[in-house]
Amino acid sequence: MIFCSYCINDREIRAMVEGLKNSGNCTQCGATNASIYDTDINSVLTTVFENLFNIYTPATMLPVDYPRTEITMLKDEMQTTWKIFNNLDDRQIYEIITSICPDLYHDSPELFDGPIGISELYDPVYIEKHSVLKTNYWENFVSELIRVNRFHTNHINLLILEKICSYTRKKYEKGTIFYRGRISSSSGYNLEEMSAPPSEKSSAGRANSQGISCLYLANDVETTIHEVRAGAFDYVAVGKFELQKDIVIVDLNNIDKISPFIETLDSVEYAINKEHLNKLNREMGKALRRSDSVLDYVPTQYVSDFIKSVNIEEEYGKYAGIEYNSTMKKKGYNLAIFYPELFECIGVDIYYVDSLLYATKPALF
């Protein structure tokens, strides 16, 4: 069977296919003169796919109390959990994975043809040691921090969190531009007034507790204006911020999209944590309503403080900040920079909001 790098969404696998330097026409997506992989000739993908497939157990061998809702098909896992393939249907995915691993398919056809699950997903001993959340529930972690112990908790495995964060390192080079907005009058603010407030005036935010200064930035002007939640007829001063030195941040946008084919990654450990990590990214970007309490920020503040503390003996720690998805603007994203002096405001523009477009849906109770 022949498929090409355009059929692959996973960066590690795509690089392996492109590294073969084989060009031709793809029989799956129809691409011409593409980097192709021929399962009749090539075998470089066999071992890495077998390693991933072997984290799964046929449903007939799972514990009797294993939740039926967690049982799925291998071809579906390749898309829903790992997002390995790009615009291929179920039949194509099934044919590709069975062609990549013909010996495993011959020896264990039930892995490919029947329902499967990850046995460790509900193994309390494994969860205690390998899950970011030891109880396996985000709600328990939140309740512990808000109502029991604000600064120290046994509900989270910080070593596992640090390990996973290391796979989401993202570099930004000196000179990179981001933006920060403030609702203002028509005269706006000067350059000095656009930076993060000093510690004594810092209110609680997603990534900082009250009294700790943190610079919140957005990737473009439109996202910035959405993030400040400007109303109709408001003026918004938008500062243009330039990065003063190369930095490394933790990219929460991609924390649940790490390739399972990275050689040093524990795929089982990562699989049981994917939903927790996705929840963390959603919580980081969630906009609070006026009626919400600043206590709702406590879980993300806790995680942010930990990330900031990694290698704190370095001038700016191991990580200078966190990148997370914007829930206010589709495809927008934000930075929470732990050290505001890393960015300098080099210009301010004033925007006027002349109209708003509301999108609504029925509230579910």
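The distance between label points at GLN79 and ASN278 comes to 1.5 nm (points 7 Å beyond Cα on the Cα→Cβ vector). For the stretch 149-190, the equivalent ellipsoid derived from the alpha-carbon gyration tensor has semi-axes of 37, 21, 6 Å in decreasing order.
Were the residues from GLU263 through ASP107 laid out at 0.36 nm apart, the gain over their Cα-Cα distance would be 53.7 nm.
Here the ratio of the Cα radius of gyration of the stretch 122-164 to 2.2 N^0.38 Å is 1.13. With each label modelled as a point 7 angstrom along the Cα→C-beta vector, the ASN33-GLU12 pair spans 3.2 nm.
Summing Lys and Arg as +1 and Asp and Glu as -1 over all other residues whose Cβ lies under 11 Å from the Cβ of LYS257 gives a net charge of 0. Could you please state, rounded to a whole Å, how far the C-alpha centre of the stretch 1-46 is from the C-alpha centre of the stretch 144-200? Distance between centres, Cα-based: 40 Å.
Summing Lys and Arg as +1 and Asp and Glu as -1 over all other residues whose Cβ lies under 12 Å from the Cβ of GLN79 gives a net charge of -3. Across the stretch 31-107, the relative contact order, built from alpha-carbon pairs under 8 Å that are at least six residues apart, equals 43 percent. Remark: spin-label model distance ASN149-ASP354 equals 5.7 nm, labels positioned 7 Å along the Cα→Cβ axis. When the chain is described by a simple charge dipole with +1 on each Lys and Arg Cβ and -1 on each Asp and Glu Cβ, the residue from VAL238, HIS276, VAL17 located farthest towards its positive end is VAL238.
Spherically averaged projected area of the convex hull of Cα atoms, the stretch 168-352: 11.5 nm². Expressed as a whole number of Å, what is the distance separating the alpha-carbon centroids of the stretch 223-278 and the stretch 64-119? What the calculation gives is 30 Å, centre to centre. Computed from the Kirkwood radius of its Cα pairs, the Stokes-Einstein diffusion coefficient for the chain at 20 °C and 1.002 mPa s stands at 92 µm²/s.
Between LYS129 and ASN51, full extension at 0.36 nm per residue minus the direct alpha carbon distance yields a gain of 25.9 nm. Here is the P(r) of the stretch 1-158: all C-alpha pair distances, binned every 10 Å from 0, give 10, 31, 26, 18, 11, 3, 0 in whole percents. Multiplying the residue separation of PHE306 and GLU200 by 0.36 nm and removing their Cα-Cα distance gives an extension gain of 36.0 nm.
Secondary-structure-derived ellipticity at 222 nm for the chain, considering helices only, amounts to -8000 deg cm²/dmol, per-run term -39500 (n - 2.57) for DSSP H runs with n ≥ 4. Cβ screening of the chain for cysteine pairs under 4.7 Å finds these without a partner: CYS7, CYS29, CYS101, CYS165, CYS214, CYS345.
Highest mobility in the GNM of the chain, judged by mean-square fluctuation with C-alpha springs under 10 Å and restricted to LEU88, LEU280, LEU74, is found for LEU88. Computed over every Cα-Cα pair of the stretch 263-357 and binned at 5 Å starting from 0, the pair-distance distribution P(r) comes out as 2, 9, 14, 17, 20, 17, 11, 5, 3, 2, 0 percent.
Laboratory data are not the source of any read-out in this text; all were calculated from the coordinates shown. Note that the structure is predicted; figures quoted are calculated from it, not measured. Note that we place each Cβ from the backbone using ideal geometry, even for glycine, and neighbour counts take in every protein chain shown.
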